[in-house]
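Asker: Sharing a structure here in structure tokens format.
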Amino acid sequence: MREAPAGKAPFSGLTPDFVLDALESVGLRPDGRLLALNSYENRVYQIGIEDGPMQVVKFYRPARWSDQAIQEEHTYTAELAEREIPVAQPIEIAGRTLHCHREMRFALFPRLSGRAPELSDPATLEWLGRFIGRIHAVGALKPFKARPALDIASFGDEPRSWLLAHDFIPPDLLPAWKSTSEQALDGVRRCFERAGAVRKLRLHGDCHMGNVLWQQGEGGGPQFVDFDDARSGPAVQDLWMLLSGEREEQSAQLAHILAGYEDFMAFAPRELHLVEALRTLRLIHYSAWIARRWDDPAFPAAFPWFDTQRYWQDRILELREQIALMDEPPLWQS
């Protein structure tokens, strides 16, 4: 097992006292209630405020995004909220949504509650599709300038090169992982060639069911949270992560999602060639994401199976499966 490198971890100074001081620096009066929420990329806490509702504070991982890129995320969610699309929008304090305390950047959000959506229900899938269509209709109005695009270079080639250069892959598995990942990226390129020129728009970027809170009762429905991974890319990126099960099940789910989606936004069927390609890119990117953050004590604790022989054996098998899947016809076509 690789040891986390010595040195200052990115959130080493983020103590409870620091959190409370940061809140006081923007004029809030915390009442001492502080609960760490499940987040690895950033640090997120639920906090109690005197004479006010509970809020959520997110401290951004140092050096990941520029201030301009974070502000684009906030601006995008503000545009969505203005159109009554249910998203987690940062709270403005003294005309700002992005704050800084002793070089640690943070933002405040309202506390939202809800359960995971019932993805086996066709009506729920159509409902999700309608709201994602509305999100994309706004996302298509203008481009991101500071945030990058989701593409083969940044989500496939660069993470693969980084992993090969930093000795995370066991030596006896290195030839197999190297050749398999190369074949997988060749398959990704073929999928993108089959799809042709697809429109890139502002996306949620990480639209899995963990980032959708379903609220019950009158006025209920989905609440979309955590736009931290917002990027430019093809529309299907915000759709495929909602699919699960066997191929037939995924095809049926996708048909329901698109039935709702196209009430507000046209969908180009050729983008369906990208579903397995985008899944493949995510698998490669995910391994590099964990490896790059191995100096953060939260990562060895949360991912103890990473950097083991078994982990990389499973990744090789996974990529081989993707190579076959990328040569199959798209899940569903109109």
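Asker: Of all the helices (runs of 4 or more DSSP H) wholly in the stretch 237-328, which have at least 2 residues that are more than 29 Å from L163 (Cβ to Cβ) and at pLDDT 95 or above?
Answerer: Details: elements: 237-240, 247-261, 275-292, 298-302, 309-325.
It comes to 247-261.
Asker: Then there is this: Checking D51 against (1) outside the structural domain of L98 (by TED's automatic domain parsing); (2) farther than 20 Å from E103 by Cα, which single condition isn't satisfied?
Answerer: (1)
Asker: Go over the candidates D17, D21, D51 one by one and state the one that is part of a loop (DSSP other than H, G, I, E, B), among the charged types (D, E, K, R) and over 22 Å from V138 (Cβ atoms).
Answerer: Values: D17 fails: part of a loop (DSSP other than H, G, I, E, B); D21 fails: part of a loop (DSSP other than H, G, I, E, B).
Only one candidate passes the filter, namely D51.
Asker: Would you pick out the residues in the stretch 54-72 that are aliphatic (A, V, I, L, M), assigned to a helix (DSSP H, G or I) and within 17 Å of H101 (Cα to Cα)? First the steps, then the outcome.
Answerer: Of all residues in the stretch 54-72, those aliphatic (A, V, I, L, M) come to 54, 56-57, 63, 69-70.
From what's left, assigned to a helix (DSSP H, G or I): 69-70.
Hit for the stretch 54-72 is I70, nothing else.
Asker: For the subset of the stretch 73-85 comprising residues that are in a loop (DSSP other than H, G, I, E, B) and touching a residue at least 40 places away in the same chain (Cβ under 8 Å), which member is nearest to N38 (Cα to Cα)?
Answerer: Among those that are in a loop (DSSP other than H, G, I, E, B) and touching a residue at least 40 places away in the same chain (Cβ under 8 Å), it is I85.
Asker: Quick test of your reading of the structure: L272 fulfils all but one of (1) under 22 Å from R115 (Cα atoms); (2) crowded, with 21+ Cβ neighbours inside 10 Å. Name the failing condition by number.
Answerer: Among (1) under 22 Å from R115 (Cα atoms); (2) crowded, with 21+ Cβ neighbours inside 10 Å, L272 violates only (1).
Asker: Filter the stretch 174-212 for residues that are under 23 Å from E73 (Cα atoms) and of a type in the set (K, R); which is surrounded by the fewest Cβ atoms within 10 Å (Cβ to Cβ)? Step through it out loud before you land on a result.
Answerer: Initial filter on the stretch 174-212 (under 23 Å from E73 (Cα atoms)): 198-212.
Imposing the further condition that a residue be of a type in the set (K, R) reduces the set to 199-200, 202.
Details: R199: 13, K200: 19, R202: 26.
Looking at residues that are under 23 Å from E73 (Cα atoms) and of a type in the set (K, R), I get R199.
Asker: Report whether or not L281 is over 30 Å from L14 (Cβ atoms), in contact with a helix residue (DSSP H, G or I) (Cβ under 8 Å, 6 or more places away or on another chain) and not aromatic (F, W, Y).
Answerer: Yes.
Asker: Something else now. Answer yes or no: is there a residue in the stretch 86-94 that is in a strand (DSSP E or B) and touching a Gly at 6+ places or on another chain (Cβ under 7 Å).
Answerer: Quick first cut of the stretch 86-94, residues in a strand (DSSP E or B) only: 87, 93.
Next, from what is left, pick out any that are touching a Gly at 6+ places or on another chain (Cβ under 7 Å): 93.
Yes, the conditions are met somewhere in the stretch 86-94.
Asker: Taking the options A137, A116, name whichever one is within 27 Å of K200 (Cα to Cα), surrounded by fewer than 19 Cβ atoms within 10 Å (Cβ to Cβ) and touching a residue at least 40 places away in the same chain (Cβ under 8 Å). Steps first, please.
Answerer: Values: A116 fails: within 27 Å of K200 (Cα to Cα).
After applying the criteria, what remains is A137.
Asker: If you check every pair at least six apart or on different chains, which have Cβ atoms under 6 Å apart with a residue in the stretch 151-179 that is in contact (Cβ under 8 Å) with a residue 24 or more places away in the chain and under 13 Å from S287 (Cβ atoms) first and a residue that is of a type in the set (A, V, I, L, M) and not in a helix (DSSP H, G or I) second?
Answerer: Listed pairs, sorted by first residue: W177/I169.
Asker: Could you figure out which of (1) in the same structural domain as D21 (by TED's automatic domain parsing); (2) out of contact with any Phe, Trp or Tyr (no Cβ under 9 Å at 6 or more places or on another chain); (3) of a type in the set (A, V, I, L, M, F, W, C) isn't true of L150?
Answerer: With (1) in the same structural domain as D21 (by TED's automatic domain parsing); (2) out of contact with any Phe, Trp or Tyr (no Cβ under 9 Å at 6 or more places or on another chain); (3) of a type in the set (A, V, I, L, M, F, W, C) applied to L150, the lone miss is (1).
Asker: Output the residues belonging to the stretch 309-331 that are among the polar types (S, T, N, Q) and either over 18 Å from P175 (Cβ atoms) or buried (at least 17 other Cβ atoms within 10 Å of the Cβ) (or both).
Answerer: Initial filter on the stretch 309-331 (among the polar types (S, T, N, Q)): 309, 313, 322.
Passing the criteria: only Q322.
Asker: Here's something else I'd like to know. Suppose we filter E50, E103 for residues that are modelled with pLDDT under 95, of a type in the set (D, E), farther than 22 Å from G210 by Cβ and touching a strand residue (DSSP E or B) at 6+ places or on another chain (Cβ under 7 Å); which single one remains?
Answerer: Numbers: E103 fails: touching a strand residue (DSSP E or B) at 6+ places or on another chain (Cβ under 7 Å).
After applying the criteria, what remains is E50.
Asker: Among what's in the stretch 24-42 and is part of a loop (DSSP other than H, G, I, E, B) and of a type outside the set (G, A, S), pick the residue that is surrounded by the fewest Cβ atoms within 10 Å (Cβ to Cβ).
Answerer: Checked the stretch 24-42; the qualifying residue surrounded by the fewest Cβ atoms within 10 Å (Cβ to Cβ) is N38.
The values are calculated or read from the model by the stated rules, or taken from the named source; none is laboratory data. As the structure is a computational prediction, the values presented were derived from the model and not from experiment. Neighbour counts run over all protein chains shown; Cβ positions are idealised from the backbone, glycine included.
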